[in-house]
Amino acid sequence: MSRPNTRKSAPGYAKKTNSGLVLEPGADAAIGVREWLASQGRLPLSAVAFDTRVKGPRFLTGRASRTIAKTLAGHGARLVAPAESFLVDRKSHLLPGEHARAEAWGRRLASLVAPKAGAS
C-alpha cells in the first residue's frame, strides 16, 4: 500500500530510461487505499481484499492485500474470503493464467454473498 510521498515520486521512476514502469494517469495525486481506509469509520459490510504484485517471494514483493484485509476487519467489515494476490509483470500486466484465476475467484465470491433462493 503506497504512501503519498511514494506516489508523488513515482513519475520520476517511470520516466527513467528502460524502467519498464507504467504509471496510471493521476496515480501520483490520487488518494491511496491506505489513506482512504484511514478516513473510514465503522464499515458494517462484507468485504474482500486483493492486490497485484510482481511474482517473487512475498517478503520481497510485499502483499498489500493482507494489510488491507486486517484494516477492513479493524473497521468492522466481515471478510468473506482470505486475501488474494494476482501476479503481474513489471508493466502491471497480468501474467498468463491470472485473468482466468481472478475471474474464478470473482465467481466464488459472488456465490458467497449472492442472496439464496427463497431467502428474505
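Just one of (1) surrounded by 12 or more Cβ atoms within 10 Å (Cβ to Cβ); (2) within 22 Å of A27 (Cα to Cα); (3) not hydrophobic (A, V, I, L, M, F, W, C) fails for R90. It is (1).
In this structure, P82 qualifies as assigned to a loop (DSSP other than H, G, I, E, B), without any contact (Cβ under 8 Å) to a residue 40 or more places away in the chain and more than 26 Å from E24 (Cβ to Cβ). On the given criteria, is K70 in contact with an Asp or Glu (Cβ under 9 Å, 6 or more places away or on another chain), charged (D, E, K, R) and in the same structural domain as H99 (by TED's automatic domain parsing)? In short, no.
The values are calculated or read from the model by the stated rules, or taken from the named source; none is laboratory data. The shown structure was predicted, so the numbers you read here are calculated from the model rather than taken from an experiment. With ideal geometry, Cβ positions are generated from the backbone for all residues, glycine too; neighbour counts draw on all protein chains shown.
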